[in-house]
Each structure stands twice: as structure tokens, then as C-alpha cells.
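**Student:** The structure's right below; bear with me while I get my questions together.
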Amino acid sequence: MAQSAATTTAVPAITPISLRTLAPWAAFFGILMLVLLYFAGAEQGAISVIAGEGVHEWVHDGRHLLGFPCH
Amino acid sequence: MNSISVRALLVRGMLAGLAAGALALVVAYFLGESQVDAAIALEAAHHHDHGGGEELVSRTMQATGGLATGILVFGVAVGGIAALVFCYALGRIGAFGPRATAALVAGAALLTVYVVPFLKYPANPPAVGDPGTIGRRTALFFLLVVLSVLLAVAAVILGRRLAPRLGNWNASIAGFAGFVLVIGVAYAFLPSFNEVGKDFPATLLWQFRLSTLAIQATLWAGFGLVFGYLAERLLEPGAGRPATGNSGVTSPAERAMR
């Protein structure tokens with residue numbers, strides 16, 4: 001009963017955000033966030049951008065506990 | 001107008017990710033750190049290059065500042081990405097309001113980004129894992145993350161296509177079954193690694209892996225709830241989004257339904 005009432009009240013469809021407005025945000029911030037993830041999760045593991053072990057050692061516990069392959 | 005709401009949602013996503021990261025940090029510190037310590041003690045008792053002689057970062061710093069950095073940065077980054085996914089999904093995956101969409105996005109993220117890769121390549125504590133295979137293990141782990149996300153997108157598209165013919169419920173089942181099937185095939189064909197030493201305690205390994213799951217579940221549950229709340233407040237109370245602009249139908253009764 002409650003369900004049929006819900007369907008007939010019909011949620012006014014939400015207008016999706018158009019791809020054109022979303023794309024620049026997604027491209028720029030998507031890449032930025034992936035770079036952050038890379039440094040938190042994988043830098044100085046299999047590959048290194050910065051030489052040494054500093055980044056790896058600093059976020060070491062976070063990597064293990066977040067489930068990233070660490071070493 | 002739309003552009004403003006993308007920016008506002010992105011900011012809220014990153015803040016919700018930070019809050020969720022803080023929650024996950026509490027779980028990680030109290031639940032996970034003791035197991036990391038125990039594993040490192042075993043590692044030191046044996047041999048190994050790590051933890052020997054000069055320490056670059058002390059254990060105390062690793063377990064506090066370092067852990068916080070890793071988890072909070074992770075929280076902010078995945079929060080931002082999830083907010084962007086939310087912007088795309090809102091109004092496109094069915095008649096779900098902001099809160100329900102946020103919960104679905106968070107649940108899908110936990111499943112695809114963590115649970116699916118975890119079942120094939122589970123998290124390893126220190127002292128487990130051969131440094132010689134780190135390259136392959138890292139590549140395969142991220143491959144499985146990407147594969148799982150792409151398959152989930154495909155499953156949603158499939159579900160939406162089938163919905164008019166099968167109805168929402170059955171179409172969702174069909175989409176999900178397809179996802180499970182293909183992931184199962186991927187599991188069967190991708191190489192496995194078993195690098196757990198013979199004398200590594202099974203209980204410690206199990207508890208460590210369970211902790212990592214608890215951390216991720218906390219993070220995504222926290223994100224879904226906080227971001228859902230923030231997005232609802234932003235988008236619903238006639239705050240100038242076109243969706244609510246198309247009449248006063250967004251009554252309290254209707255909002256309560258979501």
C-alpha cells in the first residue's frame with residue numbers, strides 16, 4: 001500500500017547534470033584525485049617518481065591497512 | 001547553475017571523504033595497528049631488509065602521523081572521485097533521490113574498489129609477500145580494480161537497458177548476475193599468489209585481513225551517509241537546482257520518502 005502510494009506520487013524526475021558541464025570537472029579533478037591516490041597507495045612500491053624510500057615508509061601502515069600491495 | 005552544483009558537490013564529496021577517512025582512521029588505529037605491529041615483530045625476529053638498522057621513519061610516526069596521512073589522503077581522493085560519479089549517476093540510474101544515490105554509489109565503490117579485488121588479492125600484513133613479485137602483484141591488483149569498476153558500469157547499463165522489459169527488480173538481478181559471472185571468470189584466469197610464510201600465524205593473517213575490510217567498510221559507510229546528507233541538503237530544499245525547480249512537488253512528504 002505504502003509502495004503503491006509512493007509510485008503514484010511519482011518522484012519528480014531529477015534532471016541529470018549534463019555531460020558537458022560535468023566533463024571538465026571530471027577530467028581535471030578525476031586526474032588530480034588519482035594522482036593523490038597514487039602517492040598514498042603506490043609511490044615507491046612497484047615504481048617510483050621520487051627517489052628513495054621516504055614516501056613509502058611514511059605511509060607504510062596506511063598502505064598495508066588500506067589493502068594496497070606494499071612490498 | 002549546473003556547474004555550480006558540480007563544484008559544490010565535489011567540495012562536499014571531498015569533505016565527506018575526509019570525515020569518513022577520520023572514522024576509518026579510528027578503526028585502523030585501534031583495530032589494525034596491533035596486527036601490523038605483531039607482523040613487524042615477526043618480520044624483525046626473522047631476517048629481512050625492513051626495520052633493520054637505520055629507520056627512515058620511526059614505528060611511532062608510521063603508526064600515527066603516517067597512518068593518518070595515508071588514510072586521510074585516501075579518504076579525500078576517493079571522496080572526490082565518488083562525488084564525480086555521483087554527479088553522473090544522479091537522475092541516470094533510476095528514480096533515486098540524492099541520499100539514496102549517494103548510498104548506492106558508496107556501496108558500489110566498496111564492492112568494486114575493495115571487496116572484489118580483495119577476494120582475489122587480499123591485503124597482506126608486513127612480513128607477508130615476496131618483494132620480488134611486488135611489480136606483478138601491484139599491476140594485477142590495479143588491473144582487477146579497473147576491471148571490476150568497468151564491469152560494474154557495464155552491469156548498470158545492462159540493467160537500465162533490461163528494465164523496461166524485465167522490470168527494475170529482475171533487471172537489477174540480471175545486471176548483478178552478469179557482473180558476478182564475469183568477475184568469476186576473471187578470478188579463474190588471473191594468476192594467484194600465495195606468499196604467506198609457513199610459520200606465519202593464520203590467526204594474525206585472518207585478523208589483519210578482517211581489519212582491512214572493517215576499515216574500508218567504515219570508510220564507505222561513513223562517506224555514503226555523510227555525503228548523502230550533505231548532497232540532500234544542497235539539492236533538495238529548493239536551493240536553486242533545476243530538479244526541484246519544476247514545481248512545489250518536493251513536499252516534506254516526498255522528501256521523507258527518500
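**Student:** Residue by residue through region B:105-140, note down the ones that are at the interface with another protein chain (Cβ under 8 Å from one of its Cβ atoms), over 25 Å from residue B:44 (Cα atoms) and touching a helix residue (DSSP H, G or I) at 6+ places or on another chain (Cβ under 6 Å).
**Tutor:** Hits for region B:105-140 are B:114, B:117.
**Student:** Given B:185, B:180, B:113, B:146, which one is crowded, with 16+ Cβ neighbours inside 10 Å and either assigned by TED's automatic domain parsing to the domain that holds residue B:226 or of a type outside the set (Gly, Ala, Ser) (or both)?
**Tutor:** It is B:113.
**Student:** State whether the residues of region B:4-18 include one that is over 19 Å from residue A:33 (Cβ atoms) and within 12 Å of chain A (Cβ to nearest Cβ).
**Tutor:** Among the residues of region B:4-18, at least one is over 19 Å from residue A:33 (Cβ atoms) and within 12 Å of chain A (Cβ to nearest Cβ), which makes the answer yes.
**Student:** Being within 10 Å of another protein chain (Cβ to nearest Cβ) and surrounded by 16 or more Cβ atoms within 10 Å (Cβ to Cβ): is that true of residue B:160 here?
**Tutor:** no
**Student:** Do you know which of the residues in region A:28-66 that are more than 9 Å from chain B (Cβ to nearest Cβ) and not in a helix (DSSP H, G or I) is farthest from residue B:76 (Cα to Cα)?
**Tutor:** Within region A:28-66, the match that is farthest from residue B:76 (Cα to Cα) is A:51.
**Student:** With the structure loaded, tell me whether residue B:106 is exposed (fewer than 14 other Cβ atoms within 10 Å of the Cβ) and either closer than 30 Å to residue B:40 by Cα or touching a residue at least 60 places away in the same chain (Cβ under 8 Å) (or both) or whether it fails that test.
**Tutor:** So residue B:106 fails the test.
**Student:** Exactly one condition in (1) surrounded by fewer than 18 Cβ atoms within 10 Å (Cβ to Cβ); (2) more than 7 Å from chain A (Cβ to nearest Cβ); (3) not basic (Lys, Arg) is not met by residue B:95; state its number.
**Tutor:** (2)
**Student:** Going through region B:109-135 one residue at a time, which ones are touching a residue at least 12 places away in the same chain (Cβ under 8 Å) and small (Gly, Ala, Ser)?
**Tutor:** Listed by number, the residues that qualify are B:109, B:123, B:127, B:129.
**Student:** In region B:8-27, is there at least one residue being at pLDDT below 95, part of a helix (DSSP H, G or I) and buried (at least 19 other Cβ atoms within 10 Å of the Cβ)?
**Tutor:** No - not one qualifying residue is present in region B:8-27.
**Student:** A follow-up question, please. Of all residues in region B:150-171, which are out of contact with any Phe, Trp or Tyr (no Cβ under 7 Å at 6 or more places or on another chain) and closer than 21 Å to residue B:106 by Cα?
**Tutor:** Of everything in region B:150-171, those that are out of contact with any Phe, Trp or Tyr (no Cβ under 7 Å at 6 or more places or on another chain) and closer than 21 Å to residue B:106 by Cα turn out to be B:150, B:153, B:154, B:156, B:157, B:158, B:159, B:160, B:168, B:169, B:171.
One line per residue, one yes/no per condition, for (1) in a helix (DSSP H, G or I); (2) in contact (Cβ under 8 Å) with a residue 60 or more places away in the chain:
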position	(1), (2)
B:149	yes, no
B:162	yes, no
B:175	yes, no
B:184	yes, no
B:197	no, yes
B:203	yes, no
B:214	yes, yes
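**Student:** Can you pull out the residues in region A:56-71 that are farther than 15 Å from residue B:127 by Cα, over 17 Å from the mean Cα position of the chain (by Cα) and crowded, with 24+ Cβ neighbours inside 10 Å?
**Tutor:** Answer for region A:56-71, where residues must be farther than 15 Å from residue B:127 by Cα, over 17 Å from the mean Cα position of the chain (by Cα) and crowded, with 24+ Cβ neighbours inside 10 Å: just A:59.
**Student:** Considering only region B:93-147, state which residues are assigned to a helix (DSSP H, G or I) and of a type in the set (Val, Ile, Thr).
**Tutor:** B:101, B:105, B:112, B:113, B:115, B:116, B:133, B:134, B:138, B:145, B:146 - these are the residues of region B:93-147 that are assigned to a helix (DSSP H, G or I) and of a type in the set (Val, Ile, Thr).
**Student:** When residue B:136 is evaluated against the numbered criteria (1) of a type in the set (D, E, K, R); (2) closer than 20 Å to residue A:68 by Cβ; (3) more than 20 Å from the chain's Cα centre (by Cα); (4) surrounded by 15 or more Cβ atoms within 10 Å (Cβ to Cβ), which criterion, by number, is the only one it fails?
**Tutor:** (4)
**Student:** Using the structure shown, decide if residue B:151 is closer than 16 Å to residue B:228 by Cα and either surrounded by fewer than 18 Cβ atoms within 10 Å (Cβ to Cβ) or among the aliphatic types (A, V, I, L, M) (or both).
**Tutor:** So residue B:151 does not fit the description; no.
**Student:** Also: Just one of (1) in contact (Cβ under 8 Å) with a residue 60 or more places away in the chain; (2) on the phi > 0 side of the Ramachandran plot; (3) surrounded by fewer than 20 Cβ atoms within 10 Å (Cβ to Cβ) trips up residue B:167, so point out which.
**Tutor:** All conditions are met except number (1).
**Student:** Please find, among B:36, B:57, the residue that is modelled with pLDDT under 95, facing chain A (nearest Cβ under 9 Å) and crowded, with 20+ Cβ neighbours inside 10 Å.
**Tutor:** Just a single option satisfies the conditions, and that option is B:36.
The values are calculated or read from the model by the stated rules, or taken from the named source; none is laboratory data. This structure is a prediction, so every number in the text was calculated from the model and none was measured. Because the Cβ atoms are built from the backbone with ideal geometry, glycine has one as well, and the counts that use them run over all protein chains shown.
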